[in-house]
1. Taking the stretch 364-395 as the search range and keeping residues that are among the charged types (D, E, K, R) and in contact with a helix residue (DSSP H, G or I) (Cβ under 7 Å, 6 or more places away or on another chain), which one is nearest to Asp146 (Cα to Cα)?
2. Within the stretch 172-214, take every residue that is assigned to a helix (DSSP H, G or I) and in contact with a helix residue (DSSP H, G or I) (Cβ under 8 Å, 6 or more places away or on another chain) and give me the one that is nearest to Ile14 (Cα to Cα).
3. Please determine, by comparing only the residues of the stretch 1-37 that are in a loop (DSSP other than H, G, I, E, B) and charged (D, E, K, R), which one is farthest from Cys50 (Cα to Cα).
4. Look through the stretch 88-103, keep the residues that are open to solvent by 20 Å² or more (accessible area, probe 1.4 Å) and in a helix (DSSP H, G or I), and return whichever of them is nearest to ligand 2 (Cβ to nearest atom).
5. Please go through the stretch 116-159 and give me each residue that is within 16 Å of ligand 3 (Cβ to nearest atom) and open to solvent by 50 Å² or more (accessible area, probe 1.4 Å), ordered by number.
6. Using beta carbons and a limit of 6 Å, which pairs, at least six apart or on different chains, have the first residue in the stretch 67-81 and without any contact (Cβ under 8 Å) to a residue 24 or more places away in the chain and the second one more than 9 Å from ligand 2 (Cβ to nearest atom)?
7. Write out, first by first residue and then by second, each pair whose Cβ atoms fall under 7 Å of each other, whose residues are 6+ apart or on separate chains, and whose first residue, in the stretch 25-44, is of a type in the set (A, V, I, L, M) while the second is more than 16 Å from ligand 3 (Cβ to nearest atom) and in a loop (DSSP other than H, G, I, E, B).
Amino acid sequence: MRDTLRFWLGDEYIVLHDVPPTMTALDWLREKGGRTGTKEGCNEGDCGACTIIVVRRNTTANDDEDLTWQAVNACIQFLPMLDGAQVYTVEDLRDPSGALHPVQTAMVEQHGSQCGFCTPGFIMSMVVFRKRAETKNGPVTDTDIDDALAGNLCRCTGYAPIIRAMRHALAAGPDRFDAETAKISERLATMETGEGVVIATDAGRLTIPASADELAATMQTDPAARIVAGATDVGLWVTKFGRILPHVVFIGQIPELRRIEATAQGVTIGAAVTWSEAEAPLCAIQPEMRDTFRRVAARPVRNSATLCGNIANGSPIGDGPPLLIAAGAELILRRGVQRRRIPLEAFFINYGVQDRTPDEFVEAVFMPVPEEGVLFRGYKISKRFDQDISAVMAGFSLTLRDGHIHTACLAFGGMAAIPKRAATAEAALVGRPWNEAALAAARDAVSQDFTPLSDLRASSWYRQEVARNLLTRFYAETAGQTPVRVSVRTHRAETAHV
Ligand SMILES: Cc1cc2nc3c(=O)[nH]c(=O)nc-3n(C[C@H](O)[C@H](O)[C@H](O)COP(=O)(O)OP(=O)(O)OC[C@H]3O[C@@H](n4cnc5c(N)ncnc54)[C@H](O)[C@@H]3O)c2cc1C
Ligand code: FES
Ligand code: FES
């Protein structure tokens, strides 16, 4: 076991002792690392002012690239999560001759900055987007750019010049990093020593298990330890609620948990696989999930947040559970050397109560290949298109046999204390043809399934109404009718559906 953290910050090799487990990367960069170009805005992953770049070797085999470049929010990354990474802040972008990075040049030339507070964060997201765009098949669309920049907020310049700068930067020549791929790869490989980390300080203890076996042993020794995967939920407990976590176990880089496995039966997503990484393999077998994936938080959050963390936190308003329940997903839990596999819906028992013992952890989630001809949709209802928690989230699937509904799964988030299926509405559908009478029966029945709360996101009445109307939309889309949609025009005359 090692008792130090180490990572590369630009061209400096950093070795740290006595690291408090929940010190954020942002606090360390600004207070100890001298990297004050990285700004603190919201301190909760919402504004992108703190965006940094984290480079790692590709371990999910999700694409052919050797390195993965990710823009992440430093304010909700805990410092230990940088162990073994190559990290860049805005100070690292100039090339050795002192010339600005092509993205910086484009931002200057296109007037992409006024007060400048958001600018370093934007630039970091743009640098990563440029790298990823190099490997994209086909032209970069406006939607691609919107998606890449959705996690960065600017309150004075306006987005048009920034998007213009992004377009110019995409057309510019190589940057300093293009010539440094081999060097970065070698640095990362040298740090991969396969050893775990334990650091005990007065502020708490941190463990970075080297393997799933070590994680299992750690949780059996200290079941009160807090598992942290992407920290996009836990980070806020610390930055917003001042919670003290005496022992934090970081699982984000455990090789077995980083695994994505696709077989003829389905896709298994390990507990350390992020939303960004899970998108392609899951949407490959269920393309109807794509819209929801794009609308979970924004890119920098999705680059850290794990799908399994979204499940494990047990939130009634997480976007993953309704979608995955409707897809027939199963959860794989591990305790010591024992594993068990349960239907995902069975994991959620009551508000804040899940079917997991304290020494047990989520190892993976499995999503089966959908039955041929299944009717499937995911619908997210929130006030903003990007970066907003759902008021209601729905995952629907129907199978038909001989023109009649054979199975129905209508899973909702935001309607109850847990992600939950609408059992009465499902029963009202099974055995009927998928027609207007069936829709009417399901609409009536779904009102009996839930007594939702009123809160800051939506009233109880609104949630009930939306649940019914989503069934209508599902019917309109899947029974072959033209969906009724309200369209809004964006400044670039694209159409967004709400
Ligand atoms: C700005 C912002 C926007 C967001 N938007 C959305 C959104 O649109 N939709 C949405 O659903 N969520 C959203 N979230 C919430 C969050 O990003 C997700 O819930 C995310 O998937 C959590 O994953 P994580 O890896 O970061 O979990 P963590 O924060 O690391 O952990 C969350 C919880 O799960 C536990 N846990 C994690 N992994 C395991 C495991 N393997 N075994 C046992 N327990 C485990 C942790 O102990 C903790 O209790 C948002 C968050 C932020 C900050
Ligand atoms: S400071 Fe706003 S996202 Fe980090
Ligand atoms: S330039 Fe001022 S917030 Fe963007």
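The values are calculated or read from the model by the stated rules, or taken from the named source; none is laboratory data. In this text, all values refer to a predicted model and were calculated from it rather than measured experimentally. Virtual Cβ from ideal backbone geometry, glycine too; neighbours counted across all protein chains shown. Accessible surface is based on the protein model in full, side chains and every heavy atom, while ligands, DNA and RNA are left aside. Shrake-Rupley method; radii C 1.70, N 1.55, O 1.52, S 1.80 Å.
1. Asp386
2. That would be Ile184.
3. The qualifying residue farthest from Cys50 (Cα to Cα) is Asp3.
4. Among those that are open to solvent by 20 Å² or more (accessible area, probe 1.4 Å) and in a helix (DSSP H, G or I), it is Val90.
5. Phe117, Leu153, Arg155, Cys156, Tyr159
6. Thr68/Arg56; Thr68/Asn58
7. Ala25/Gln77; Leu29/Arg35; Leu29/Thr89
One line per residue, one yes/no per condition, for (1) closer than 17 Å to Val128 by Cα; (2) of a type in the set (Val, Ile, Thr):
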{"position": "Ala71", "(1), (2)": "yes, no"}
{"position": "Asp83", "(1), (2)": "no, no"}
{"position": "Thr89", "(1), (2)": "yes, yes"}
{"position": "Asp92", "(1), (2)": "yes, no"}
